[in-house]
Amino acid sequence: MLGLTLAPGITSFPKKLPPLSFSTLGCPDWTFPAIMDFAVKNNYQGIEVRGILRQMDLPQCPEFSNAENIAATLRQMEEHQLKFIDLGSSCELHHAEPAIRNKNLDEGRRFIDLAQQLHCPYIRVFPNRLPKEQERNATIDLIIKGLLELGEHARGSGVTVLMESHGEIVQADLLHHIMQAAEHPNTGMVWDIYNMWSVTEEPPAQVYEKLKKYIRHTHIKDGKTSGGHLENGILVDAKEDYKLMGQGESPIFEAIGLLYKDGYPGYYSFEWEKLWHPEIAAPELALADYPKAMARYFK
């Protein structure tokens, strides 16, 4: 099993894998039909949409641009026996300047509306920064208020707004504070395990115990981190070198084991950041490797 250990209390895994998905961030130059075909051929059940052909504003994508196209896209997904599991927006909640803040929240609302039409349960938003020119607690309040505002927009839609552990909001205690204050029937979070660990090195068991109440979706990846320096216990200005699963230094499989042992029902979604890091392995290699790595772990 790649020399990996099971999470405490796990003695064996079933032959059937938990539900797998991948983010289209990993295949920025593939058409949507190519994405669907690849997913089916490589044992994926879900697709997390973070851009198609480098168009990140999903309502502008032809597949989603009007009711007729949406209906056709949903038929194609049904024919492939695939599900949309998350729409990745670029909405950031930390902004104080009214025009910028309204633009970001409007993007979140548009993604919620699109997700409802696609029968997609989640959209992702970013917390995202703690700007030095803004008072820290005031910024945290803006993040909380923004998440609640979007959650209220999503009320009754069947869509939940998920805040990702991302940017400068990656410490478990801070995430817990925000999520507790922003608790709502239509809010939750994405646990990006490597995003957090590469900066804080907080043990997955410690993180999961604090945040499991709010985790609805996961981003799975592995890598190595080099350089950087510590500021207030957080690693900054480090270089992240993304690796295929099991080839990095992160405790990614420990976190996966914790999720499985606790009955996490959501998707284990591979996020290969090819769009932002063109130097990393091609999607044909990386996206095909992920289900195989998971199968080795869960065998």
Looking only at region 55-82, and only at residues there that are under 13 Å from L118 (Cβ atoms) and acidic (D, E), the one that is surrounded by the most Cβ atoms within 10 Å (Cβ to Cβ): E63
Restricting attention to region 113-139, report how many residues are surrounded by 20 or more Cβ atoms within 10 Å (Cβ to Cβ), more than 18 Å from the chain's Cα centre (by Cα) and free of Cβ contacts under 8 Å to residues at least 40 places away in the same chain. 0
Can you find, within region 176-204, the residue that is nearest to D113 (Cα to Cα) among those that are in contact (Cβ under 8 Å) with a residue 40 or more places away in the chain, among the hydrophobic types (A, V, I, L, M, F, W, C) and in contact with a helix residue (DSSP H, G or I) (Cβ under 6 Å, 6 or more places away or on another chain)? I178
I'm trying to understand the selection: among the residues of region 164-182, which are of a type outside the set (D, E) and closer than 21 Å to V236 by Cα? S165, H166, G167, I169, V170, Q171, A172, L174, L175
I'm checking my understanding of the structure. Among residues of region 254-274 that are part of a loop (DSSP other than H, G, I, E, B) and open to solvent by 30 Å² or more (accessible area, probe 1.4 Å), which one is farthest from P121 (Cα to Cα)? K274
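The values are calculated or read from the model by the stated rules, or taken from the named source; none is laboratory data. Predicted model, so just to flag it, every value in this text is computed and none were measured. With ideal geometry, Cβ positions are generated from the backbone for all residues, glycine too; neighbour counts draw on all protein chains shown. Only protein heavy atoms, including side chains, enter the accessible area calculation; ligands, DNA and RNA are left aside. Shrake-Rupley method; radii C 1.70, N 1.55, O 1.52, S 1.80 Å.
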